[in-house]
1. Quick check on this structure: which one of SER256, SER233, SER250, SER268 is touching a Ser or Thr at 6+ places or on another chain (Cβ under 6 Å) and either open to solvent by less than 20 Å² (accessible area, probe 1.4 Å) or not aromatic (Phe, Trp, Tyr) (or both)?
2. Consider the range 391-428. How many of its residues are farther than 16 Å from HIS260 by Cβ, touching a Leu at 6+ places or on another chain (Cβ under 9 Å) and of a type in the set (Gly, Ala, Ser)?
3. Can LEU52 be described as farther than 18 Å from SER179 by Cα and either of a type in the set (Gly, Ala, Ser) or over 31 Å from the mean Cα position of the chain (by Cα) (or both)?
4. Across the range 154-168, what is the number of residues that are open to solvent by 10 Å² or more (accessible area, probe 1.4 Å) and either more than 24 Å from GLU57 (Cα to Cα) or of a type in the set (Phe, Trp, Tyr) (or both)?
5. Within the range 391-408, can you find the residues that are open to solvent by less than 50 Å² (accessible area, probe 1.4 Å) and assigned to a loop (DSSP other than H, G, I, E, B)?
6. If you check ASN215, ASN178, ASN172, which single one turns out to be open to solvent by 50 Å² or more (accessible area, probe 1.4 Å) and not acidic (Asp, Glu)?
7. How many residues does the range 271-286 hold that are assigned to a loop (DSSP other than H, G, I, E, B) and either open to solvent by 40 Å² or more (accessible area, probe 1.4 Å) or of a type in the set (Phe, Trp, Tyr) (or both)?
8. Looking at the range 20-49, which of its residues are hydroxyl-bearing (Ser, Thr, Tyr) and more than 26 Å from the chain's Cα centre (by Cα)?
Amino acid sequence: MEIYRNNILSETILKELVSYALELIKSYNKNYLCFVSIHQNNGINITVRSGLLEYLEFNNDLILSITVYHNYKKSTVSSSDLSLHSVKLTIEKAVELVKYTSEDDCHILPDINLIATDHHDLQLYYPCTINIADVIFYTKNLEKIALKQDNRIINSEGASFCSHIHTIVLGNNYGLFNSYKHSIHSLSVSVIAQDKKNTNVMERDYCYTTAREFNDLKDIKIVGKMASERAISRLNAQKILTKKVPILFSSELSSSFFSHFIYSITGSNIHRQNTCLLNCLGKKIFPSWLNIVDNPHINKGLGSKPFDFEGVKTKKYNIIKDGILKTWLLDTYFSKKLNLYSTGHSGGIHNWIISGARQSIFSLKALLKFMYRGVYITELMGDGVNLITGDYSRGAVGFWVENGSIQYPISEITISSNLKDMWKNIIAIGTDSDLDKQIRCGSILLSEIQVSGK
């Protein structure tokens with residue numbers, strides 16, 4: 001049995017539907033501007049637990065969205081039915097609705113010069129060719145490997161496999177008529193460890209791997225072993241006294257740390273003044289040695305795309321250059337609100353490469369030695385971040401570091417600081433970049449921060 005359902009509409013058929021919709025809208029009123037999009041997502045989610053298949057779900061989601069613009073008014077109507085009759089009804093609703101919406105001079109199509117009329121192959125589409133029975137067997141083996149690593153691993157919260165293929169087709173009056181397909185596959189396993197001397201002490205941890213191509217996923221032996229080792233390493237965690245010490249975020253947490261920065265420079269938050277970086281464009285935010293590049297054109301990149309969700313062509317941007325903030329992240333609407341141009345970020349960021357002159361010399365081991373004494377954080381909890389003030393307070397789990405090496409696990413701590421201070425006080429970035437995320441960044445060492453314990 002194939003891993004994907006057979007009722008996937010071809011890219012050619014989807015493009016024909018978009019073309020039909022554009023022509024039909026034009027027939028109502030030649031002065032109407034319109035944007036038509038189709039997003040098709042087909043895939044499978046599998047979960048096994050204790051060697052048994054626990055969950056098997058197919059999904060075949062298909063959304064047609066019709067947006068009509070007229071005299072700075074805008075209406076959007078969506079449908080999951082792509083029959084010609086339904087497409088016509090959807091268009092009629094959008095055309096009728098636009099008469100009653102309020103005017104906004106920022107309700108316009110993207111600038112014609114920014115439209116992606118063609119694109120290069122970014123090698124994003126690799127459907128999984130393994131049948132369902134083999135994938136289930138493969139996922140069961142992942143769980144089995146994790147459980148057999150150590151006799152302190154007593155149970156599993158399950159192993160999962162996900163595989164999805166997406167097709168995106170966009171069109172508008174300004175010459176946009178483009179499409180592309182991409183795939184994403186992932187494996188994960190979560191296990192529970194128990195201390196043999198004190199059976200009331202249990203900890204859980206997990207490991208995962210994500211890639212565009214199935215064959216690029218980490219070997220299940222590596223994933224299973226890492227999940228087991230992480231769970232065991234957290235056993236018998238201790239509490240520490242409240243103090244100010246340097247902290248080191250693991251590479252797995254880098255994306256979480258920088259996600260607050262992403263939200264702070266997104267056009268919607270800038271326009272609504274919901275950010276602590278409101279007047280910081282062109283100013284120094286990070287250390288002078290740090291750079292952030294957003295590159296949407298990395299082959300097989302998890303965030304790669306030839307154009308954004310509005311059809312604006314994507315391009316490489318320097319987000320941070322020598323510590324200085326160089327651009328906001330803008331879609332068409334909020335770029336017009338700010339009297340700027342879209343940066344092709346409708347739908348979010350692409351591939352962020354975070355680097356600097358101090359990065360190449362620091363492996364994780366070297367970072368621990370350089371820190372010498374402090375907290376190595378491997379998990380964050382809660383959502384105590386205020387983007388407007390920058391105040392940061394989150395629960396954390398990790399390890400106490402003394403004399404440049406990990407001494408013991410710690411828990412029930414809270415990290416408190418301000419985002420602007422944290423960004424400025426990055427001391428070094430490690431070479432251990434996590435390639436399973438859109439944000440490629442190694443472990444991050446920060447100078448002294450308030451760590452609250454017992």
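The values are calculated or read from the model by the stated rules, or taken from the named source; none is laboratory data. Please read these numbers as outputs of a predicted model, since none were measured by experiment. Cβ sites come from the backbone with ideal geometry, for glycine too, and all protein chains shown count toward neighbours. Accessible surface is based on the protein model in full, side chains and every heavy atom, while ligands, DNA and RNA are left aside. Shrake-Rupley method; radii C 1.70, N 1.55, O 1.52, S 1.80 Å.
1. Selected residue: SER250, the only one of SER256, SER233, SER250, SER268 that is touching a Ser or Thr at 6+ places or on another chain (Cβ under 6 Å) and either open to solvent by less than 20 Å² (accessible area, probe 1.4 Å) or not aromatic (Phe, Trp, Tyr) (or both).
2. Going through the range 391-428 one residue at a time, the tally reaches 4.
3. Here the answer is no, as LEU52 does not meet what is asked.
4. Residues in the range 154-168 being open to solvent by 10 Å² or more (accessible area, probe 1.4 Å) and either more than 24 Å from GLU57 (Cα to Cα) or of a type in the set (Phe, Trp, Tyr) (or both): 1 in total.
5. Passing the criteria: only GLY404.
6. ASN215
7. Residues of the range 271-286 assigned to a loop (DSSP other than H, G, I, E, B): 272-283, 285-286.
Add one more test, that the residue is either open to solvent by 40 Å² or more (accessible area, probe 1.4 Å) or of a type in the set (Phe, Trp, Tyr) (or both), and what stays is 272-274, 278-279, 281-283, 286.
Residues that pass the stated criteria total 9.
8. Taking the range 20-49 and keeping what is hydroxyl-bearing (Ser, Thr, Tyr), we get 20, 27-28, 32, 37, 47.
Scanning the range 20-49 gives TYR20, SER27, TYR28, TYR32.
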